Amino acid sequence: MPAVGNNGALGFQIKAKCNVCKARSSVMSLLHCEVETPVFMPVGTQGTLKGLLPDQLEALGCQIMLGNTYHLGTRPGPALIMKAGGLHKFMNWNRALLTDSGGFQMVSLLKLAEITEEGVKFQSPYNGSDVMLTPERSIEIQNAIGADIIMQLDDVVRTTTVGPRVEEAMHRTTRWLDRCLKAHQNADTQNIFPIVQGGLNVALRSESAKQLMQREVPGFAIGGLSGGESKNDFWKMVHLTTDLLPEDKPRYLMGVGFAPDLVVCSALGVDMFDCVFPTRTARFGCALIHSGQLNLKQKIYAKDFQPIDEECECSTCKRYTRAYLHTIVTNETVSCHLLSVHNISYQLRLMKSIRKSIEQQCFPEFVRKFMANMYASKEYPQWIVDALLAVNIHLDLAAPIAEK
């Protein structure tokens, strides 16, 4: 029977499970929108997705996007957002929102941050002033923003960190979760997800999941990955964590957005993903396609009058050629817009195909076809081969290459 969970402001129903691996297709019911999973969530750091308008995202079928608590809390600030009626109204977005906690800035702005049991003291990159982000303050800002899913403040360390600091961060993350849950004011409309930490240590990550599962929460995030660790370490920690987390609640893998990673981690049982990659790579003139990327800055596209992808139905592919995009890419602002439309469309179509293949019980075949298109020589990265084998999906191999 499909698993059904309902916790406060979140309902979760598994529609179908792959009969080979851990992939599942589900519906997550939130206040503003029903979200089909596995889902890729575009990142709109300050209430805007670089290069796209909210109505364009809706037209592409996007059901949920992200905002950044640290940046929104600094500018324009929670008071103004609350006065506007929350971020949904402020940015004119009628579907679901997720906000991170600000914890990632412990890593990305580490030279500007001081971490204590109280919280994180930042030096603002905007004006140099000190900003204290505690678990309570993080939740206060996120309550003002009004996102459907909000994240606990966690103690984040780089994945390459070893030793006592990793264990300290793992236990502190649990203590901070309890403070976040106590501070939360909108449990009937907003859902807190705790974040599994523990670095690359199997025992610590297992203990973190165990501790967090003792709390009454509607879903879980997998944190502390996709930060420079080897792909071999990466997939093993994802596999371990999805084995530990409950089946009847959504699992969110933070900061992951490369297409092969989305496919592999869906097979490993992940439901939710986010990353700035599609829009960031668009700003560098790259378009996502089934075989990887097209770098439209290259001269070979100067007289290429094909669309980026003949099978893509996005407005960019319907109206513009590679030659035109080559002419304007990285030189004109509109090129970022046009490529962002296509790249977000690519990511959303990929996730739709994943869901459809799970529901039709042909996900392993989909994975094999996807990988054959992405790696035409069939020289698959070894981590992909190993990760898929761990969940009973065998690729048609030529001579796999090793990748650490």
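The values are calculated or read from the model by the stated rules, or taken from the named source; none is laboratory data. Everything numeric in this text was worked out from a predicted model, so none of it was measured. Note: ideal-geometry Cβ built from the backbone for every residue, glycine included; neighbour counts use all protein chains shown. For the accessible areas, the whole protein counts, side chains as well, though only heavy atoms, and no ligand, DNA or RNA atoms are used. Shrake-Rupley method; radii C 1.70, N 1.55, O 1.52, S 1.80 Å.
For the reader, a short list of remarks on this structure follows.
- Scanning the range 29-38 for residues that are crowded, with 24+ Cβ neighbours inside 10 Å and either closer than 19 Å to residue 363 by Cβ or small (Gly, Ala, Ser) (or both) gives 37, 38.
- Selection within the range 77-98 - in contact with a helix residue (DSSP H, G or I) (Cβ under 8 Å, 6 or more places away or on another chain), farther than 21 Å from residue 55 by Cβ and of a type outside the set (A, V, I, L, M): 78
- Residue that is modelled with the highest pLDDT [pool: residues in the range 391-404 that are farther than 10 Å from residue 264 by Cβ and open to solvent by less than 60 Å² (accessible area, probe 1.4 Å)]: 395
- With respect to the conditions (1) part of a helix (DSSP H, G or I); (2) within 19 Å of the chain's Cα centre (by Cα), residue 300 lacks only one, and its number is (2).
- Residue satisfying condition, being open to solvent by 20 Å² or more (accessible area, probe 1.4 Å) and among the aliphatic types (A, V, I, L, M), within set 262, 244: 244
- When residues of the range 329-343 are limited to those that are farther than 13 Å from residue 308 by Cβ and in contact (Cβ under 8 Å) with a residue 60 or more places away in the chain, the one least open to solvent (accessible area, probe 1.4 Å): 336
- Condition met for residue 263 (of a type in the set (A, V, I, L, M, F, W, C), part of a helix (DSSP H, G or I) and under 19 Å from residue 161 (Cα atoms)): no
- Exactly one residue among 37, 74, 69, 45 is touching an Asp or Glu at 6+ places or on another chain (Cβ under 9 Å), closer than 30 Å to residue 127 by Cβ and among the hydroxyl-bearing types (Ser, Thr, Tyr), and that residue is 69.
Residue by residue, here is whether (1) out of contact with any Leu (no Cβ under 7 Å at 6 or more places or on another chain); (2) small (Gly, Ala, Ser); (3) under 17 Å from residue 51 (Cα atoms); (4) not in a helix (DSSP H, G or I) holds:
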site: 269; (1), (2), (3), (4): yes, yes, no, yes
site: 279; (1), (2), (3), (4): no, no, yes, no
site: 338; (1), (2), (3), (4): no, no, yes, no
site: 350; (1), (2), (3), (4): no, no, no, no
site: 367; (1), (2), (3), (4): no, no, no, no
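- Matching residues, the range 194-216, being among the β-branched types (Val, Ile, Thr) and either more than 22 Å from residue 167 (Cβ to Cβ) or open to solvent by 10 Å² or more (accessible area, probe 1.4 Å) (or both): 202
- Number of the exception - residue 381 against (1) in contact with an Asp or Glu (Cβ under 6 Å, 6 or more places away or on another chain); (2) open to solvent by 40 Å² or more (accessible area, probe 1.4 Å): (2)
- Scanning the range 53-89 for residues that are crowded, with 18+ Cβ neighbours inside 10 Å, without any contact (Cβ under 8 Å) to a residue 60 or more places away in the chain and under 24 Å from residue 153 (Cα atoms) yields a count of 4.
- Only one entry of 250, 246 meets the criterion of being farther than 24 Å from residue 368 by Cβ, in contact with a Gly (Cβ under 6 Å, 6 or more places away or on another chain) and modelled with pLDDT of 95 or more, and that entry is 250.
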